[in-house]
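Working notes for the structure below.
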Amino acid sequence: MSSRGSRKVGAPTGTMVEYERLVEAALARTGNVERGRKRLLTVEKSQCLKCHRLGDQGEKIGSELTGIGSRFSRVHIIESLLEPLRTIAAGFQSQTVAMNDGQVLSGLKIIETADTLVLADNQKKKHSLLKADIEESQAHAGSIMPDGLEKTLTVDEFVDLISFLTSEKQSAGR
């Protein structure tokens, strides 16, 4: 562990001290917008684009990141990354489906027709289900966004990512 800014964040179970350190750093420091952009766009390092879309890159499973800085405050963006269950945007609630064969699936409802339901899970896998095979389906206040994604980032990387997201002011129609 060479310097405070390059140390990996978060214990395996997470602690309030680590959470507070991230929030404090992201609020007090400016960060490097370009490094944050590169971090988000590098799929090997960032899981963001597996579900979210920025411009013409990424998936349309989670909420749109294009223009996020003009829609949400820095505090809201920080909280959304650190606590994905705290505030879930309308239309992004998780759904759990129990199938007649005993299989249970959870994900975000992508498409629903009279005969089918398509769920996307947090691994970007889409499940096309026949409604006749569904025993029970229930929407709930959960999120498919995994907890702990910030633990893959150093404090500096987290601050850079927040700086990029808050600077992202262009609309989705760019």
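The values are calculated or read from the model by the stated rules, or taken from the named source; none is laboratory data. Nothing here was measured: the structure is a model prediction, and the numbers come from that model. Counting neighbours? That spans all protein chains shown, and the Cβs are built from the backbone with ideal geometry, glycine included.
Starting from the range 18-39, take each residue that is among the acidic types (Asp, Glu) and list its partners that are at pLDDT below 95, counting only C-beta distances under 9 angstrom and pairs at least six apart or across chains.
Going by the 9 Å Cβ cut-off, the qualifying pairs are GLU18/VAL9; GLU18/GLY10; GLU18/ALA11; GLU18/GLU150; GLU18/LYS151.
Yes or no: the range 116-131 includes at least one residue that is within 22 Å of the chain's Cα centre (by Cα) and under 20 Å from ARG74 (Cα atoms).
No: the range 116-131 contains no residue that is within 22 Å of the chain's Cα centre (by Cα) and under 20 Å from ARG74 (Cα atoms).
Within the range 124-145, track down each residue that is surrounded by fewer than 12 Cβ atoms within 10 Å (Cβ to Cβ) and touching a residue at least 40 places away in the same chain (Cβ under 8 Å).
Answer for the range 124-145, where residues must be surrounded by fewer than 12 Cβ atoms within 10 Å (Cβ to Cβ) and touching a residue at least 40 places away in the same chain (Cβ under 8 Å): GLN138, ALA139, HIS140, ALA141.
Quick check, is MET16 more than 19 Å from the chain's Cα centre (by Cα) and at pLDDT below 90?
In short, yes.
With ALA120, ALA114 as the choices, which residue is surrounded by fewer than 17 Cβ atoms within 10 Å (Cβ to Cβ), more than 22 Å from LEU153 (Cα to Cα) and not assigned by TED's automatic domain parsing to the domain that holds ALA28?
After ruling out the rest, the residue left standing is ALA114.
Restricting to the range 143-174, what's the tally of residues that are at pLDDT below 90 and more than 23 Å from THR66 (Cα to Cα)?
So the count comes out to 1.
Tell me the residue from LEU40, LEU27 that is at pLDDT 90 or above, of a type in the set (A, V, I, L, M, F, W, C) and more than 25 Å from LEU108 (Cβ to Cβ), please.
Every option except LEU27 fails the conditions.
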